[in-house]
1. Out of the stretch 120-160, which residues are small (Gly, Ala, Ser), surrounded by 18 or more Cβ atoms within 10 Å (Cβ to Cβ) and over 15 Å from PHE196 (Cβ atoms)?
2. With the condition kept exactly as written, say whether any residue in the stretch 144-152 is at pLDDT below 90 and among the acidic types (Asp, Glu).
3. Kindly indicate whether ILE107 is out of contact with any Asp or Glu (no Cβ under 8 Å at 6 or more places or on another chain) and either over 27 Å from GLY158 (Cα atoms) or surrounded by 13 or more Cβ atoms within 10 Å (Cβ to Cβ) (or both).
4. Collect the residues in the stretch 174-185 that are in contact (Cβ under 8 Å) with a residue 12 or more places away in the chain and over 12 Å from ILE47 (Cα atoms), keeping them in residue-number order.
5. Scan PRO198, PRO153, PRO110, PRO157 and give me the residue that is out of contact with any helix residue (DSSP H, G or I) (no Cβ under 9 Å at 6 or more places or on another chain), over 22 Å from ARG84 (Cβ atoms) and in contact (Cβ under 8 Å) with a residue 24 or more places away in the chain.
6. When only residues in the stretch 166-201 that are buried (at least 21 other Cβ atoms within 10 Å of the Cβ) and touching an Asp or Glu at 6+ places or on another chain (Cβ under 7 Å) count, which is farthest from PHE49 (Cα to Cα)?
7. Just checking, which of ASP137, ASP170 is in contact with a strand residue (DSSP E or B) (Cβ under 6 Å, 6 or more places away or on another chain), at negative phi and without any contact (Cβ under 8 Å) to a residue 12 or more places away in the chain?
8. In the stretch 190-197, is there at least one residue being in contact with a Pro (Cβ under 8 Å, 6 or more places away or on another chain), at pLDDT 95 or above, under 12 Å from MET150 (Cβ atoms) and not in a strand (DSSP E or B)?
Amino acid sequence: MTVLQKIVTGFLAALFLVIALPAAGGDPENLSDEPVVYVNEGGDFQITFPGGCGKLVTRANEPDLFGGEDWDDIIQVTHAYCDRYRKKGEGCSVTATFNLHDKDGSIAGPEQIILRVEDSLSKFGAKVVSQQVIKKDFGNDIIAEGVEVMARPEEGPGEIWIRGLLIEGDVYIFAAWNEQGGVWKNPDYITFFNSFQPWTE
């Protein structure tokens, strides 16, 4: 069992948290059924959002400087999300945290993935249905490790799908949700998760 598997097993085994969906977004004049390809400003990654997203809501932090005696790094965060067809109860998002380090200055590891998956799940009132450790090979020696979680509210048919990936100190958290259910097997959301490509330029 790898370090990541041990952490995930210990952390997610009894995870019951509280969910609050993101605020409404999207462009009411551009709610096409066509998918929307999003490339972040720096060309660090791209992902295809499903139809009905219109103009994506995006934001990026003012980079914060974290320094120490032996290292200085700027951590940048990019967030993009969509409430499909302007419905608050359904949508998807991606949050990318670049150049992340642990408190001791070492490059981010599996623990950071778990912390961010926990933080993401804390915004949804749900219980974990299943979880698994995942590994993805994007070619060109780009290997991602992470965790995938399926969750649902304590009551009602809703479904939440969260995937966290770690790529050389960059952490990506993807989420899709629908308070009426139908997320896990929805081809639009399967495409959303599988369309992610790091370092597009």
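The values are calculated or read from the model by the stated rules, or taken from the named source; none is laboratory data. What you see is a predicted model, and the numbers here were worked out from it, not measured in a lab. Neighbour counts run over all protein chains shown; Cβ positions are idealised from the backbone, glycine included.
1. From the stretch 120-160, those small (Gly, Ala, Ser) are 120, 122, 125-126, 130, 139, 144, 146, 151, 156, 158; that's our starting set.
Imposing the further condition that a residue be surrounded by 18 or more Cβ atoms within 10 Å (Cβ to Cβ) reduces the set to 120, 125-126, 144, 146, 151, 158.
Of everything in the stretch 120-160, those that are small (Gly, Ala, Ser), surrounded by 18 or more Cβ atoms within 10 Å (Cβ to Cβ) and over 15 Å from PHE196 (Cβ atoms) turn out to be SER120, GLY125, ALA126, ALA151, GLY158.
2. Initial filter on the stretch 144-152 (at pLDDT below 90): none.
Looking through the stretch 144-152, none of the residues is at pLDDT below 90 and among the acidic types (Asp, Glu).
3. On the way: out of contact with any Asp or Glu (no Cβ under 8 Å at 6 or more places or on another chain): no; either over 27 Å from GLY158 (Cα atoms) or surrounded by 13 or more Cβ atoms within 10 Å (Cβ to Cβ) (or both): yes.
For ILE107, the condition - out of contact with any Asp or Glu (no Cβ under 8 Å at 6 or more places or on another chain) and either over 27 Å from GLY158 (Cα atoms) or surrounded by 13 or more Cβ atoms within 10 Å (Cβ to Cβ) (or both) - is not met.
4. Narrowing the stretch 174-185 to residues in contact (Cβ under 8 Å) with a residue 12 or more places away in the chain: 174-184.
Once the filter is applied, which keeps residues that are in contact (Cβ under 8 Å) with a residue 12 or more places away in the chain and over 12 Å from ILE47 (Cα atoms), the stretch 174-185 yields ALA175, ALA176, TRP177, ASN178, GLU179, GLN180, GLY181, GLY182, VAL183, TRP184.
5. Values: PRO153 fails: over 22 Å from ARG84 (Cβ atoms); PRO110 fails: out of contact with any helix residue (DSSP H, G or I) (no Cβ under 9 Å at 6 or more places or on another chain); PRO157 fails: over 22 Å from ARG84 (Cβ atoms).
One residue alone meets the criteria, PRO198.
6. LEU166
7. Values: ASP170 fails: without any contact (Cβ under 8 Å) to a residue 12 or more places away in the chain.
So the residue among ASP137, ASP170 that is in contact with a strand residue (DSSP E or B) (Cβ under 6 Å, 6 or more places away or on another chain), at negative phi and without any contact (Cβ under 8 Å) to a residue 12 or more places away in the chain is ASP137.
8. No, because not a single residue in the stretch 190-197 is in contact with a Pro (Cβ under 8 Å, 6 or more places away or on another chain), at pLDDT 95 or above, under 12 Å from MET150 (Cβ atoms) and not in a strand (DSSP E or B).
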